[in-house]
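The values are calculated or read from the model by the stated rules, or taken from the named source; none is laboratory data. Fair warning: this is a prediction, and the values are worked out from it, not measured in the lab. Glycine also receives a Cβ, built like all others from the backbone with ideal geometry; neighbour counts cover every protein chain displayed. Surface areas here come from the heavy atoms of the whole protein model, side chains and all, with no ligands, DNA or RNA. Shrake-Rupley method; radii C 1.70, N 1.55, O 1.52, S 1.80 Å.
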Amino acid sequence: MLIQLGVLIGSYACLKIIEQFQDKRQKKNRKLKSNQEPKKSYIALLSSDKKESKNEHYTKASLLTIGVIIFGHLFYPPLKFVGTALYAYISLPLVASGVKTLLEKKKIGNEALISVATIVGGVSGYFFALSIACFFYYLGGLLLKKTRDNSVKKIQNLFKNEPRFVWLVKQNVEIEVPLEQIVNNDIIAAEAGKVVPIDGIIVSGSAMIDQSVLTGEFQPAEKQVGDKVFASTFINTGRIHIKVQQTGQNTAISQIEEVLNRSIEFKPEIQTKGEEWANKSAFAFLVAGGLALPILGTSAAVIILRSSFGYSLGILASLEMLKHLREARTRGIFVKDGKALEGLHEIDTVIFDKTGTLTENRPVVGRIFTSCEYDEQEILTYAVIAENTHTHPIAKAILDKAQELNHSTIVPKNAKYHIGYGVEVKYDDKLIQVGSLRFMKMKNVTISKHFHQTANTLQHEGNSLVMVAVNGKAVGILEINESIRSEIKDVISGLYQRGIKQISIISGDHQGATGKIAKELGIDNFYYDVLPKDKSAIVKKLQDKGKKVLFIGDGVNDSLAMVRSDISISLNDASTVAIDVAQIILLDGNFKQLNNLFDISKKMRSGFRQSLFLTMTPSGIVISGVLLGNIGISGAVILENMFFLTGLAKVALPSKLDSLPKN
């Protein structure tokens, strides 16, 4: 026993000297490399790191230690000394971690308990049992690292198909050039069987494009002139010319990569609380272990010191979260903030923005009403001049109408946009104002009795309108027709079934148009004539009443309300990931997965509770066993890790949602 103790202490001393020497050498090498190489992203580091990870190395070393100890015990006793040295090797990182935490944070935490238990157990000769404990400790860390790495590599793999060369169109001639030479506003050609190399807009041709890498939707989307296409999507059929908007690290897929790196590092609330409990109780466990040492012996002391559950809970909760983030991604649900996915179970109030959210993203211009001085073409021309640089759904509807009629477009140089009201611009010595009836009244525009009657009729019918004025006089009205998304009725029904108590519609549109949508969907509560800046005030008012609010809308234009809400979701496409303030984005552009999102959140919360049970239960059992005097250290280690393995197996199994269709 004394010889083994000497081997253990000598091994620790030698390993510490070697470790300090390696640290100095690595610091020197890192300093040299930092002066020679640019900083790499996490994904780049993943793809370039060929070395065996620390956890993988020590997992294998722990298995070797267990094997050597068993063989030495059964067949060749001198191998026990080798087993002792190996135990010192695999336990040194645990001891070092505890000491480092104690010195840096000046408090006793879970790492300190593990460190003390490792030393006391080693000095007492419990090498076999504690080698098993080390194995599962490193195995948990290894599985977590591999799961995180695999999550990132799902995105990394998207870049592997990126072509090195593309066909640049110059004066109707296609020239093959390296991808890195392409800049914004270039025109490139792409055809069936190729990967789209950039983000851009189709300027000629049409194609069926597989966007599953972004949206999770495996049904190819038909893309025509004016539609956006994204890097790393695949052209199934067709041939297109694309005007380049973003290349390289500015593409949507690169923005998604950066957000993903942040989301996978999120720590669930139950994990945070569990670790806080474990760290706060660490001192009590340390005192209990110290008291048990002279009364119940070293075995009991080591068992008590090791019974803290913080580390196991951290591993299981993190794996549970990554599992459900992955499930969300496969359904085209992009979670920017893991806290939002975890917190969906608290939501009792849902607010939908109307235009482009509950309704189809692109409303259409219907009838055009004119005064006697102007015809429909002129009214449409003025509307296009004012709205040509804006991206709001109604602006797009006006531009679509102009394109449908082969109407030429003019880009204004001095447009002034009044958010929530309208636009005014000077053109050809005329002041053109385009916007709502409210905007016209605010600007003291003269509106004829006939136009007042027309506006009232349209509003009574539940339609929206855009009024056009020239030099302070209303000269035309554009009727805007909106259609409700086909899936929204089933979605709203599903939300009520999942415990949502209040669903509301909020809109800057008039009462008639907003009320018509609300009535058709069976929603009693709606807000109309609401300016963007006032939407957040409505959210706050509901929160002051104790409501937990989910806001669903445009993650760019509804930013104030989304920031104010407890959780926010948008339907914006992948091009807005970087600027979209929404915490969750439905990348396929519809609500088909919204109810599944709530189900994923519910399953994740259930998984967290099960993880808490599987880590706390064995702690209670082994402590009770110690007090009753009928459990040894080997039994305690095996029992604790049987529960831990059960938790790992549970996380590895697919959830019930996996069997559901993706759409």
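Figures for the structure shown
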{"read-out": "Flag if residue 224 is among the polar types (S, T, N, Q), open to solvent by 40 Å² or more (accessible area, probe 1.4 Å) and at pLDDT below 70", "value": "no"}
{"read-out": "Every residue from segment 276-334 that is basic (Lys, Arg) and closer than 30 Å to residue 589 by Cα", "value": "323, 326, 329, 331"}
{"read-out": "All positions within segment 436-465 that are under 17 Å from residue 398 (Cβ atoms) and open to solvent by 10 Å² or more (accessible area, probe 1.4 Å)", "value": "436, 437, 463, 465"}
{"read-out": "Helices (runs of 4 or more DSSP H) wholly inside segment 482-574 containing at least 1 residues that are farther than 28 Å from residue 600 by Cα", "value": "511-521, 532-544"}
{"read-out": "Hey, residue 585 under 22 Å from residue 300 (Cα atoms), modelled with pLDDT under 90 and not in a helix (DSSP H, G or I) or not", "value": "no"}
{"read-out": "Residue within segment 517-535 that is of a type in the set (Ser, Thr, Tyr), surrounded by 15 or more Cβ atoms within 10 Å (Cβ to Cβ) and in contact with a helix residue (DSSP H, G or I) (Cβ under 8 Å, 6 or more places away or on another chain) present", "value": "yes"}
{"read-out": "Check on residue 341, more than 26 Å from the chain's Cα centre (by Cα), over 26 Å from residue 482 (Cα atoms), open to solvent by less than 70 Å² (accessible area, probe 1.4 Å) and modelled with pLDDT of 80 or more", "value": "no"}
{"read-out": "Selection within segment 403-449 - assigned to a helix (DSSP H, G or I) and without any contact (Cβ under 8 Å) to a residue 12 or more places away in the chain", "value": "404, 441, 449"}
{"read-out": "Residue ID - nearest to residue 641 (Cα to Cα), chosen from residues in segment 305-335 that are in contact with a strand residue (DSSP E or B) (Cβ under 7 Å, 6 or more places away or on another chain) and outside any helix (DSSP H, G or I)", "value": "335"}
{"read-out": "Matching residues, segment 344-402, being part of a strand (DSSP E or B), touching a helix residue (DSSP H, G or I) at 6+ places or on another chain (Cβ under 7 Å) and either open to solvent by 10 Å² or more (accessible area, probe 1.4 Å) or farther than 24 Å from residue 534 by Cβ (or both)", "value": "364, 365, 368, 369, 370"}
{"read-out": "Looking only at segment 257-285, and only at residues there that are surrounded by 19 or more Cβ atoms within 10 Å (Cβ to Cβ), hydrophobic (A, V, I, L, M, F, W, C) and farther than 16 Å from residue 340 by Cβ, the one that is modelled with the highest pLDDT", "value": "285"}
{"read-out": "Scope segment 186-205; condition within 16 Å of residue 172 (Cα to Cα) and modelled with pLDDT under 85; matching residues", "value": "none"}
{"read-out": "Residue 94 being hydrophobic (A, V, I, L, M, F, W, C), open to solvent by 40 Å² or more (accessible area, probe 1.4 Å), assigned to a helix (DSSP H, G or I) and within 15 Å of residue 305 (Cβ to Cβ)", "value": "no"}
{"read-out": "Pick from segment 275-327, criterion more than 26 Å from residue 144 (Cα to Cα) and polar (S, T, N, Q), ranking: nearest to the chain's Cα centre (by Cα)", "value": "299"}
